[in-house]
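**Q** Mind looking over this structure? Questions follow.
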Amino acid sequence: MKEFVLQDEGNQNRLKINYQEELNPEQLDVVLHGDGPCLVLAGAGSGKTRTITYRVAYLLERGVAPGAILLVTFTNKASKEMLARVESLLGSYPTGLWGGTFHSVANRLLRIYASEIGYTKNFTILDEEDAKALVKACVQTLDIDTSARRFPSPGVVHAMASYARNSGQTLRAVVENKYQNFYELISTIERVVDLYEARKKDADSMDFDDLLLKLRELLFTRDDIRRRLAAQFRYVLVDEYQDTNVVQSEIVRQLSSEHGHVLVVGDDAQSIYSFRAAQIRNILGFPETHPGTKTFRLTTNYRSTPEILAVANATIQKNQEQFEKNLSSVRGSAERPNLVPAQSSAQEAQFIAQRVLALRSEGTPLSEMAVLFRAAFHSQTLEFELMKRDIPYEYRGGMKFFERAHVKDVIAHLRLRLNTHDEVAWMRVLSLMNGIGLATAQRIVSQIRDASSLDEVLTRSLAIPSRAQASWGTLCKLLLKLSREDLPSDLIRMVTGGDYQDYLRAEYPDFMDRLEDLEQFAIFAEGYADLRSLLDEVSLSADFGSVREQGSSEDEEKIVLSTIHQAKGLEWDAVFVMHLCNDKFPNPRALTEAGGLEEERRLFYVATTRARKHLFFTYPITSGYDTMMLSQPSLFLEELPGGLLEEVRLKRSFMAGAALENSDATIVLDALGERTPSKDVSKMSFLRGVDEL
């Protein structure tokens, strides 16, 4: 390997790597001058991983012992990738270097020092399922009557406790602010969590949160150990610092407290995980908490075209709480991002599907295309359109629409409306009811299996255990209402508007997202005049019940459908950001929280910066069938200056309405529709679009 001489602070060091040739000036500055407290603001696509990797290599080449370097990442994949790159650069693996996630580093340290805080070195780590099982056991031990009033599920109780611990709040405050529906049960929930903590300790066990909390406890209560570890780790490097919570930032401060060489890398413009207790103040306040901080900016973007970055830069400038930076592209100029108002959700889906096929015919592989959305339910209409056109897709950020448990729950209710002999549907519906276990459900089904109609089921005198009678009575009232209704959309709303909504609240931390899924299902069902047609289409879809079509291959090229949160850190040649309506994105719930609007804007920024060459912003102007409600474009589109987007006007050859939504006909579009230079979005007449599309 060729060597060269690098002049470094007056010393001659013979190094293997030619850092000046390998790095741009911004990156080189970090690598050569990253001593002391350093904040590296790494813009999207600016070579963050490359910079950290070369910094580690540079420290090793300068003679720093591997065991004196601590590299903390948020995923094992990122850690392995960085260490592999260091090995490739230096020709040997940096044996002894401490690299890994916060949790893996905490585990290694606690295996050494666990006895200092009352655990053995052989403590057990509980995964999420183990933790939920232990919470459930605590509820049973306390003999809590969960049938008198629906009690939060073990998953919800664990989520409450986890958020409280990671955000530094009390459990009571978290329940009051995020789970108001259960505030009357707070004393009981606190008893469950207290017992959960005690049972873990008695069992010499820790959950994932404990790994960080117990390490922090060790560092704050045993100053001798803190000094020993901080003296060992001469250089601490932290990736994705904008995603750290209060506990993680305190651990970083303690482990870097002796030498003071702490380099944190992140982008405040991509801080989007407050729902996981990530605290943007950690990165925004780093210069104040670490006096003498040197701040570096990586703003040279290697990913996106100048036109895409112009939109990203204009978007994030609206945020007040930020470090200002302006990304610049090294790529050549290309087309402006497209703004595509569609007449309906169906037309939006048809445009995306048709444009995907056009891009593929032009040479862009399906695997280099992605459709991003704010919430999972936004993709439902598109999923149907892709299935109709036989376009394979991979769904990230959750399950495909008709595979989701809550959607299948509602479908089970609908199946009973048509077929009272459907034992599978009965078992699923009964399993949702308080006081009805597997054995009771089987006994009920055996008594109604031969009923010829839903009315006959409801009039039969059944042997129902006393603990299940209230739930059975509630279900019968719902089934009676369903038996009197025919419209599929009304049937869905009857199910979701009743006791099932309470079930979702108690069972899932993300119950509001699930309710929105079901409302989207109801809107979709408005295009069907009878229940049989709807259920047939759902059941015969390629993805219902995880059934795969014959001949499909696991390595088949697929387009990616993803929530924006799941897309962070990824990139594609072509990106569609769909359903950009003002009542959908920004998320209305986020607007009620402190800092919520700015985080939603950061989310829009993240979506924009995933695209390399082609970027499409789409939204439906109208929603619904009977009501035909008008939607305004997202606030984030309205904020953009004129001239950054190119508007695409879609053509159609038949009338709008139910025929459009439920027709097998294909919308008549040019490959790109009619293009006109975009005016200032906030001044566009969107009512006009209803007539022109």
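The values are calculated or read from the model by the stated rules, or taken from the named source; none is laboratory data. It should be emphasised that the depicted structure is a prediction, and the values quoted were computed from it without experimental measurement. Please note: Cβ atoms are built from the backbone with ideal geometry, for glycine as well, and neighbour counts cover all protein chains shown. The protein model used for the area step is the full one, side chains on, heavy atoms only, and it has no ligands, DNA or RNA in it. Shrake-Rupley method; radii C 1.70, N 1.55, O 1.52, S 1.80 Å.
**Q** Mind checking which residues of the stretch 435-464 are free of Cβ contacts under 8 Å to residues at least 60 places away in the same chain, touching a Lys or Arg at 6+ places or on another chain (Cβ under 8 Å) and not β-branched (V, I, T)?
**A** Residues satisfying the conditions are Q447, A451, L454, A463.
**Q** Then there is this: Does the stretch 375-387 hold any residues that are of a type outside the set (D, E) and either in a helix (DSSP H, G or I) or open to solvent by 40 Å² or more (accessible area, probe 1.4 Å) (or both), and which are they?
**A** A376, F377, H378, S379, Q380, T381, L382, F384, L386, M387
**Q** Which residue pairs have Cβ atoms under 6 Å apart, sit 6 or more places apart or on different chains, and have a first residue in the stretch 362-374 that is part of a loop (DSSP other than H, G, I, E, B) and a second that is crowded, with 17+ Cβ neighbours inside 10 Å and hydrophobic (A, V, I, L, M, F, W, C)?
**A** Going by the 6 Å Cβ cut-off, the qualifying pairs are T364/A574; R374/F585.
**Q** Another question, then. Name the one entry in D390, D455 that is surrounded by fewer than 16 Cβ atoms within 10 Å (Cβ to Cβ) and not in a helix (DSSP H, G or I).
**A** Of D390, D455, the one residue that is surrounded by fewer than 16 Cβ atoms within 10 Å (Cβ to Cβ) and not in a helix (DSSP H, G or I) is D390.
**Q** L219: open to solvent by less than 70 Å² (accessible area, probe 1.4 Å), in contact with a Leu (Cβ under 9 Å, 6 or more places away or on another chain) and of a type outside the set (S, T, N, Q), yes or no?
**A** Considered against the rule, which asks whether it is open to solvent by less than 70 Å² (accessible area, probe 1.4 Å), in contact with a Leu (Cβ under 9 Å, 6 or more places away or on another chain) and of a type outside the set (S, T, N, Q), L219 comes out as yes.
**Q** What is the residue count in the stretch 91-109 for residues that are buried (at least 18 other Cβ atoms within 10 Å of the Cβ) and either among the hydroxyl-bearing types (S, T, Y) or on the phi > 0 side of the Ramachandran plot (or both)?
**A** Total satisfying the criteria: 2.
**Q** For the stretch 564-606, give me the residue count where each residue is closer than 25 Å to E307 by Cβ, open to solvent by 10 Å² or more (accessible area, probe 1.4 Å) and hydroxyl-bearing (S, T, Y).
**A** Total meeting the criteria: 0.
**Q** To continue, here is another question. Taking the conditions exactly as written (open to solvent by less than 10 Å² (accessible area, probe 1.4 Å), β-branched (V, I, T) and either touching a Ser or Thr at 6+ places or on another chain (Cβ under 6 Å) or over 29 Å from Y500 (Cα atoms) (or both)), does I352 satisfy them or not?
**A** The answer is yes for I352.
**Q** I need a count of the residues in the stretch 379-407 that are in contact (Cβ under 8 Å) with a residue 40 or more places away in the chain and under 16 Å from V495 (Cβ atoms).
**A** Count: 4.
**Q** Can you name every residue in the stretch 246-288 that is within 20 Å of the chain's Cα centre (by Cα) and open to solvent by 10 Å² or more (accessible area, probe 1.4 Å)?
**A** Answer for the stretch 246-288, where residues must be within 20 Å of the chain's Cα centre (by Cα) and open to solvent by 10 Å² or more (accessible area, probe 1.4 Å): Q270, Y273, S274, F275, R276, A278, Q279, I280.
**Q** For the stretch 159-181, indicate whether the set of residues that are among the charged types (D, E, K, R) and within 30 Å of Y235 (Cβ to Cβ) is non-empty.
**A** Yes.
**Q** A follow-up question, please. Any idea which residue in the stretch 374-407 is modelled with the highest pLDDT, counting only those that are of a type in the set (D, E, K, R) and touching a helix residue (DSSP H, G or I) at 6+ places or on another chain (Cβ under 7 Å)?
**A** Taking the candidates together, the pick is R374.
**Q** Sort through V30, V86 and tell me the only one that's within 26 Å of A230 (Cα to Cα), at pLDDT 95 or above and in a helix (DSSP H, G or I).
**A** When all the criteria are applied, what remains is V30.
**Q** I'd like the full set of residues that are open to solvent by less than 40 Å² (accessible area, probe 1.4 Å), assigned to a loop (DSSP other than H, G, I, E, B) and over 17 Å from V538 (Cβ atoms), limited to the stretch 398-436.
**A** Hits for the stretch 398-436 are T420, L432, M433, N434, G435, I436.
**Q** Select from the stretch 129-159 the residues that are buried (at least 16 other Cβ atoms within 10 Å of the Cβ), assigned to a loop (DSSP other than H, G, I, E, B) and touching an Asp or Glu at 6+ places or on another chain (Cβ under 9 Å) and list them in ascending order.
**A** Result: R150, F151, P152, S153.
**Q** With the checklist (1) outside any helix (DSSP H, G or I); (2) modelled with pLDDT under 90 in hand, flag the one item T95 doesn't pass.
**A** (2)
**Q** Since Q320 meets every condition but one in (1) within 28 Å of H33 (Cβ to Cβ); (2) open to solvent by 20 Å² or more (accessible area, probe 1.4 Å); (3) among the polar types (S, T, N, Q), which condition does it not meet?
**A** It fails just one condition, (1).
**Q** Kindly list the number of the only condition in (1) open to solvent by 10 Å² or more (accessible area, probe 1.4 Å); (2) more than 21 Å from A277 (Cβ to Cβ); (3) of a type outside the set (S, T, Y) that fails for A611.
**A** Exception for A611: condition (1).
**Q** Please find, within the stretch 494-510, the residue that is modelled with the highest pLDDT out of those that are open to solvent by 40 Å² or more (accessible area, probe 1.4 Å) and assigned to a helix (DSSP H, G or I).
**A** M494
**Q** Are there strands (runs of 3 or more DSSP E) fully within the stretch 235-315 with at least 3 residues that are of a type in the set (V, I, T)? List them.
**A** In the stretch 235-315, 261-266 are the strands (runs of 3 or more DSSP E) which contain 3 or more residues that are of a type in the set (V, I, T).
**Q** Within the stretch 484-493, can you find the residues that are open to solvent by 30 Å² or more (accessible area, probe 1.4 Å) and either in a helix (DSSP H, G or I) or touching a strand residue (DSSP E or B) at 6+ places or on another chain (Cβ under 7 Å) (or both)?
**A** D490, R493
**Q** Looking only at the stretch 48-90, count how many residues are among the small types (G, A, S) and open to solvent by 30 Å² or more (accessible area, probe 1.4 Å).
**A** Result for the stretch 48-90: 4.
**Q** Of the residues K121, K178, which is open to solvent by 20 Å² or more (accessible area, probe 1.4 Å), modelled with pLDDT under 90 and touching a Leu at 6+ places or on another chain (Cβ under 9 Å)?
**A** Among K121, K178, only K121 is open to solvent by 20 Å² or more (accessible area, probe 1.4 Å), modelled with pLDDT under 90 and touching a Leu at 6+ places or on another chain (Cβ under 9 Å).
**Q** Just one of L41, L6 is surrounded by 15 or more Cβ atoms within 10 Å (Cβ to Cβ), of a type in the set (A, V, I, L, M), part of a strand (DSSP E or B) and at pLDDT 95 or above; which is it?
**A** L41
**Q** Against the condition closer than 26 Å to A114 by Cα and either open to solvent by less than 70 Å² (accessible area, probe 1.4 Å) or in contact with a His (Cβ under 6 Å, 6 or more places away or on another chain) (or both), how does R227 come out, does it pass?
**A** Taking the combined requirement at face value, the residue does not satisfy it.
**Q** Does L298 satisfy the condition of being touching a Cys at 6+ places or on another chain (Cβ under 6 Å), crowded, with 23+ Cβ neighbours inside 10 Å, under 26 Å from W98 (Cβ atoms) and touching a residue at least 24 places away in the same chain (Cβ under 8 Å)?
**A** no
Rundown of residues vs (1) in contact (Cβ under 8 Å) with a residue 12 or more places away in the chain; (2) among the charged types (D, E, K, R); (3) assigned to a helix (DSSP H, G or I), yes/no style:
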| residue | (1), (2), (3) |
| --- | --- |
| D194 | no, yes, yes |
| E197 | no, yes, yes |
| K200 | yes, yes, yes |
| L215 | yes, no, yes |
| L218 | yes, no, yes |
| R226 | yes, yes, yes |
| L229 | yes, no, yes |
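**Q** To continue, here is another question. Within the group R548, R532, which residue is open to solvent by 40 Å² or more (accessible area, probe 1.4 Å), modelled with pLDDT under 75 and among the basic types (K, R)?
**A** None of the other options fit; the residue is R548.
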